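Only one structure is covered here, and it is reproduced in the block below.
The values are calculated or read from the model by the stated rules, or taken from the named source; none is laboratory data. On a predicted model such as this, the values are computed, not experimentally measured, just so you know. Methodologically, a virtual Cβ is constructed for each residue, glycine included, from the backbone with ideal geometry; neighbour enumeration extends over all protein chains shown. All accessible areas refer to the heavy atoms of the entire protein, side chains included, with ligands and DNA or RNA removed. Shrake-Rupley method; radii C 1.70, N 1.55, O 1.52, S 1.80 Å.
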Amino acid sequence: QVQLVESAGGLVQAGGSLRLSCAASGSIFSIIRWGWYRQTPGNERELVATVTSDGYTNYANSVKGRFIISRDNAKNIVYLQMNSLKPEDTAVYYCNTLRPMAIDWGQGTQVTVSS
């Protein structure tokens, strides 16, 4: 099992930046892919960005060019650097790891972007 602990989100003005982090512990050796997802009330959770164990990244079209996902392998932390934030980026953000036969989720952290 993998335990994921996310950093606190926060309130930021439109155009601003915020960095989220997610620290993993447990069976981290089996992680295939790290990811960030987000969810707003009444909507399904949606993919924001992922990074594989090989370092390949993938982004939702809505965040391409603004968000960057990265990993610190030594510390077992994944980051989501969010730039040029928009009010529509407001959501609860979840860290996620994919392992063979298992998916793990963090507790979620609120990000609010004011206009």
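One table, with the values for the structure above:
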{"item": "SER84 being in a loop (DSSP other than H, G, I, E, B), surrounded by fewer than 20 Cβ atoms within 10 Å (Cβ to Cβ), out of contact with any Leu (no Cβ under 7 Å at 6 or more places or on another chain) and touching a residue at least 60 places away in the same chain (Cβ under 8 Å)", "result": "yes"}
{"item": "Every residue from the range 9-32 that is open to solvent by 70 Å² or more (accessible area, probe 1.4 Å), among the hydrophobic types (A, V, I, L, M, F, W, C) and at pLDDT 95 or above", "result": "LEU11"}
{"item": "Filter pass, GLY35 being small (Gly, Ala, Ser), open to solvent by less than 20 Å² (accessible area, probe 1.4 Å) and modelled with pLDDT of 95 or more", "result": "yes"}
{"item": "The range 12-34 residues that are at negative phi and touching a residue at least 60 places away in the same chain (Cβ under 8 Å), paired with ones that are outside any strand (DSSP E or B) and among the hydrophobic types (A, V, I, L, M, F, W, C) (beta carbon under 6 Å, 6 or more apart)", "result": "VAL12/LEU85; GLY16/LEU85"}
{"item": "Scope the range 58-70; condition under 13 Å from TRP36 (Cβ atoms) and open to solvent by 70 Å² or more (accessible area, probe 1.4 Å); matching residues", "result": "ASN58, ILE68"}
{"item": "Failed condition for THR112, given (1) under 13 Å from ILE31 (Cβ atoms); (2) open to solvent by 30 Å² or more (accessible area, probe 1.4 Å)", "result": "(1)"}
{"item": "Of all residues making up the range 1-25, the number that are in contact with a Gly (Cβ under 9 Å, 6 or more places away or on another chain) and of a type in the set (S, T, N, Q)", "result": "2"}
{"item": "Residue in the range 38-54 that is touching a strand residue (DSSP E or B) at 6+ places or on another chain (Cβ under 6 Å), open to solvent by 30 Å² or more (accessible area, probe 1.4 Å) and part of a loop (DSSP other than H, G, I, E, B) present", "result": "yes"}
{"item": "Pairs, first free of Cβ contacts under 8 Å to residues at least 40 places away in the same chain in the range 61-77, second assigned to a loop (DSSP other than H, G, I, E, B) and not polar (S, T, N, Q), C-beta under 8 Å, six or more apart", "result": "ARG66/LEU85; ARG71/GLY55"}
{"item": "All positions within the range 41-70 that are at pLDDT below 95 and not hydroxyl-bearing (Ser, Thr, Tyr)", "result": "ASP54, GLY55"}
{"item": "Options VAL48, VAL5, VAL92, VAL63; residue that is under 15 Å from THR112 (Cβ atoms) and β-branched (Val, Ile, Thr)", "result": "VAL92"}
